Every structure is written in structure tokens, then in C-alpha cells.
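Before any comments, here is the structure.
The values are calculated or read from the model by the stated rules, or taken from the named source; none is laboratory data. Quick caveat: nothing in here was measured; it's all calculated off a predicted structure. Positions of Cβ are backbone-derived with ideal geometry, glycine not excepted, and every protein chain shown enters the neighbour counts. We work out accessible area using only protein heavy atoms, side chains counted, and drop any ligands, DNA or RNA first. Shrake-Rupley method; radii C 1.70, N 1.55, O 1.52, S 1.80 Å.
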Amino acid sequence: MAGRGTPATALLTRQGITHRLHQYDVSPDAPHYGASVAEALGVPGYRLFKTLVGEVDGVLVVAVVPVTGELDLRRLAAATGGKRAVLAERPVAERVTGYVRGGISPLGQRRRLPTVVDSSALERDTVYVSAGRRGLQVELAPTDLVTLTGATVAPIAAPA
């Protein structure tokens, strides 16, 4: 990390959460970015989770799903008690989280948003999520991810 932490890594350190940082080199414009990151790290894609910002009935929410799947917007709406969900525009996602595309972490966001983590995360001993900067992932226990984000756990991913 060359001494440069992120709000996500600062949160993990402050809370005393066991975690490991993993660096990688993949262009954020690469096709199938998540799959490329998983390959670069040498981990199965179902252990690497992407962070997406959606809007459910006008309320911004964070969805955390494996890179091997797609976010099911109907399931996201149901998981948050809403009726209609759409993906937030990129500038909105970057502004509310404080992170840039390819580096949006569910941890340490500028504004804490309601969060839903796909239930498949709990099937793993550890999962990988962005550490808040392109080229950096954090590996942690999924239960710690859920606790730190105050997340709801629900089946929100659909196969890609």
C-alpha cells in the first residue's frame, strides 16, 4: 500500500478486524473487470464481490454481489422493502461513496447507505471486496463485512 490507506482500511484497522490486503493490476476499463481482478488475484470469482450503488424507490442503497453474477434489481428492491430499483448513475455513486469506479468499497463510505450483501457471501470463510482504491482488494470474513456495513443479507444476485 506504500503507506497510503483508504477510509475502508482505516475502518478495518480502527475496529480491529482481521483482514488481508491484496494488490492487483487490471485496467478499470477492461472488459469483464471483476473476472479479470479475480484472475489476477488467483481466486475464484464467487469469492470476489463487487459493490454497486442502486436506487430503490428514490433511496440510494449499496448492493454487494459476487462478480460471477449480476445484481437482480427486483430482488434488491424486495430486500429493502421497496418496489422499484435501478442502478445509480456513476457520478452519483462516486459522490455518495467517496470512491471512484473500480474502487468503490462497501466499507468506509463518505455517507453510510443501507447495504444488502448477497447471501452467497456467508457460504465462504472469507470474501474479497474493494479496499477503496483501484488495484487493492481486502479479504475479510463475510460476517465482519455484514457487521461493519450494518447490511441486510439476501439473495440479490442472479447468474451472469
* Evaluate the stretch 66-87: report whether one residue or more is touching a residue at least 24 places away in the same chain (Cβ under 8 Å), closer than 16 Å to Ala8 by Cα, in a loop (DSSP other than H, G, I, E, B) and not hydrophobic (A, V, I, L, M, F, W, C). => no
* Asked: Do we have any residue at all in the stretch 46-62 that's surrounded by fewer than 17 Cβ atoms within 10 Å (Cβ to Cβ), in a helix (DSSP H, G or I) and out of contact with any Lys or Arg (no Cβ under 9 Å at 6 or more places or on another chain)?
  -> no
* Going through the stretch 108-145 one residue at a time, which ones are open to solvent by 30 Å² or more (accessible area, probe 1.4 Å) and among the hydrophobic types (A, V, I, L, M, F, W, C)? -> Leu122
* Residue within the stretch 91-102 that is over 23 Å from Ala158 (Cα atoms), under 13 Å from the mean Cα position of the chain (by Cα), buried (at least 19 other Cβ atoms within 10 Å of the Cβ) and aromatic (Phe, Trp, Tyr) present -> yes
* Breaking point among (1) touching a strand residue (DSSP E or B) at 6+ places or on another chain (Cβ under 6 Å); (2) surrounded by 22 or more Cβ atoms within 10 Å (Cβ to Cβ); (3) within 23 Å of Ala35 (Cβ to Cβ), for Thr149 -> (3)
* What residue, of Arg111, Arg101, is closer than 17 Å to Gln23 by Cα, outside any helix (DSSP H, G or I) and out of contact with any strand residue (DSSP E or B) (no Cβ under 7 Å at 6 or more places or on another chain)? -> Arg101
* Only residues that are free of Cβ contacts under 8 Å to residues at least 12 places away in the same chain and either touching a strand residue (DSSP E or B) at 6+ places or on another chain (Cβ under 6 Å) or under 20 Å from Glu94 (Cα atoms) (or both): list them for the stretch 1-30, please. => Gly5, Ser27, Asp29, Ala30
* Are there any pairs, at least 6 apart or on different chains, whose C-beta atoms fall under 7 Å, with the first in the stretch 139-160 and among the polar types (S, T, N, Q) and the second crowded, with 19+ Cβ neighbours inside 10 Å, and if so, which? -> Thr149/Pro106; Thr149/Leu107; Thr149/Thr115; Thr152/Ala79; Thr152/Val116
